[in-house]
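Take a look at the structure below.
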């Protein structure tokens, strides 16, 4: 595709710029009601925007210094499933505050015994009249301690194929019986609590919170994972968020450049790699956003995560001994790079490990044969719940 953005006098650009002039500091609600939070979604949530208009909107928001609401799991993972499979009442109730960033969401998928083998989950949801009684445990749940709602996968049937016995629910994170325990990581502080384990003890979930049909939640879970890999592979180095390598280059230039020849060459290499990924993302936008997410999302994430680790490592090396200072003593300009370095080992694990992503790329993009489990004689995807094929 042509990656050059439309000119300054393009009517679509003029219209977006005029709206931003009339709304210089829009709230999340105002921005979402205008369709600018998810412009590729259908009306009334978005604008049915084609890829080029999406790029124009992104460019004009960036120019005006306007940021979309921060609700990455809600908007990026959960929202698309509610949009496609939720009923009208669920859409009207949950989507507006989600898109406005007023209700934070989390994703309750992984369990201690069900990570890559997600279909092996053991959390149960038993029907009891007009409610489901949920018992079980989830782990590695980002934002659970601040989320108002979550998307939950739970087993509702045991005497069928495991992929057909899973249902997909909206759950109130403040319901009785829901316990959230933060998991500290090496970032520490308030950002160290972003991963959590969640326990469910006789949690009563209304049947109205079931999305789609009972026992047919596996397809929606796979759609969520595909959307997750789209949202985790955008421009920012931390799963689509945070700084970019261009931000690091600008910061280095602002501070007088870098004299060390090896660090300078590493910075050039990282910038070139970042530009390649940016052009690749532009080339794939149509397939990634306007169509059902497919294996290309896994390819972008598999490329973006190691890039993020390299850039954060480079920033840390550029700081030298200063990079070991506590956050309170850190130069504010470099703080996000140091905390990003501490978080960066998680990039190639969260949202699908690099090994799982490579299986998807090998099988669904390159057309290579499926891996065979030597003990069972079955393909990897048959043994591990189908995640290897997306």
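Overview of results
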| quantity | calculated |
| --- | --- |
| Computed FRET value (nearest 0.05) for residue 102 with residue 259, which takes r as the C-beta separation and R₀ as 35 Å | 0.15 |
| Peptide ranges 96-102, 11-17 listed from the most packed, as the mean C-beta count within 10 angstrom indicates | 96-102, 11-17 |
| Simple spin-label estimate for residue 179 and residue 21 in nanometres, 7 Å along Cα-Cβ | 5.8 nm |
| FRET efficiency, 1/(1 + (r/R0)^6) with R0 35 Å, evaluated for residue 62 and residue 317 via beta carbons | 0.75 |
| At R0 = 41 Å, FRET efficiency that the Cβ-Cβ distance of residue 278 and residue 130 yields, to 0.05 | 0.25 |
| Distance (nanometres) between label positions extended 7 Å along Cα→Cβ at residue 52 and residue 202 | 6.1 nm |
| Mean Cβ count within 10 Å, highest first, over the residues of peptides 352-362, 69-79, 250-260 | 69-79, 352-362, 250-260 |
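No lab work stands behind these numbers, since they all come straight from the coordinates. Please read these numbers as outputs of a predicted model, since none were measured by experiment. Heads up, the Cβs are rebuilt from the backbone with ideal geometry, glycines too, and the neighbour counts pull from every protein chain shown.
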